[in-house]
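The block underneath contains the structure these notes are about, expressed in structure tokens.
The values are calculated or read from the model by the stated rules, or taken from the named source; none is laboratory data. Note that the coordinates shown come from a computational prediction; the quantities given were computed from them, not determined experimentally. Cβ coordinates were reconstructed from backbone atoms using ideal geometry, including for glycine residues, and neighbour counts include every protein chain displayed. When the accessible area is computed, the model is the full protein with side chains, heavy atoms only, and any ligands, DNA or RNA have been set aside. Shrake-Rupley method; radii C 1.70, N 1.55, O 1.52, S 1.80 Å.
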Amino acid sequence: MNKQQKDKKMKKLTCHCGAVEAEVNVPDKFEKVLRCNCSVCKRKGYVMSPIGENDMKITKGEDKLTLYQFYTNTAKHYFCSICGIFTHTRPRSNPKLHMINIACVEGVDPFEYKDVSINDGNNHPLDQK
């Protein structure tokens with residue numbers, strides 16, 4: 001186990017109504033926190049952080065998750081079909097990763113993060129000709 005793996009803890013991620021739950025392996029303090037300015041993320045307005053492809057496991061309510069895709073249909077945006085909360089995204093820049101809504105992680109206050117980067121999804125490199 002490397003230091004990066006050792007510094008992570010398993011925490012619960014939930015939607016608002018509790019129909020969807022996941023275990024996420026995350027650090028105590030997220031190092032990379034961002035928002036995206038693409039057409040869907042700017043409307044969602046959530047603060048997210050990347051985690052590895054093996055750092056998230058849906059433990060409850062997978063059947064309650066709804067998938068939303070648009071444009072290239074590469075990114076996968078997941079939200080609870082009951083309460084509407086976006087829990088995570090598989091970004092098109094790296095569909096193996098999860099971008100989790102940090103506000104859905106128990107014990108995390110997204111308002112503590114003052115240095116939130118902006119991902120320029122409006123000018124995505126895959127859209128350049």
Accessible area per residue, Å², the stretch 1-115 with all protein chains present, probe 1.4 Å:
59 Å²
If you stretched the chain out fully between Asn54 and Cys17, how much longer would it get, using 0.36 nm times the residue separation minus the C-alpha to C-alpha distance?
10.8 nm
Please list, by residue number, every one of the GluC sites (Glu not before Pro) in the stretch 17-107 that is coil in DSSP and has at most 10 other beta-carbon atoms within 10 Å.
Glu31, Glu106
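Calculate for the chain the 222 nm mean residue ellipticity that helices alone would give, adding -39,500 (n - 2.57) per DSSP H run of length 4 or more and normalising by residue count, nearest 500 deg cm²/dmol.
Details: 2 runs with 8 residues, N = 129.
After summing the helix terms and dividing by the residues of the chain, the value is -1000 deg cm²/dmol.
Express the carbon and sulfur contribution to the solvent-accessible surface of the stretch 18-86 as a percent, rounded to the nearest whole number, probe 1.4 angstrom. Working shown, then result.
Numbers: 1720 of 3750 Å².
After summing per-atom areas, the C and S share lands at 46 percent.
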Contour minus end-to-end for Phe111 and Ser93, with contour as 0.36 nm per residue of separation and end-to-end as the Cα-Cα distance?
3.9 nm
What is the local net charge at Glu21, summed over the other residues whose Cβ is closer than 9 Å to its Cβ (Lys, Arg +1; Asp, Glu -1)?
+1
Of the chymotrypsin sites (Phe, Trp or Tyr not before Pro) in the stretch 1-98, those whose Cβ has at most 16 other Cβ within 10 Å and which sit in DSSP loop
Phe70, Tyr71
Go from 0 up to the bin containing the longest alpha carbon distance in the chain, width 5 Å each, and give me the % of pairs per bin.
2, 10, 21, 24, 21, 13, 6, 2, 0
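Kindly state, to the nearest 0.05, the FRET efficiency for Met10 paired with Ser39, given R0 = 35 Å and r defined as their beta-carbon distance. Don't skip to the end; give the middle numbers.
Working: r = 33 Å, r/R0 = 0.96.
After rounding to 0.05, the efficiency reads 0.55.
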How high is the relative contact order of the chain, in percent, counting Cα pairs under 8 Å that sit 6 or more residues apart?
28 percent
Given charges of +1 on the Cβ of Lys and Arg and -1 on the Cβ of Asp and Glu, with all other atoms neutral, how large is the dipole of the stretch 1-96 about its Cα centre, in debye to the nearest 20?
260 debye
Beyond 18 Å, how much of the Cα-Cα pair distribution for the stretch 40-110 remains, as a whole percent?
35 percent
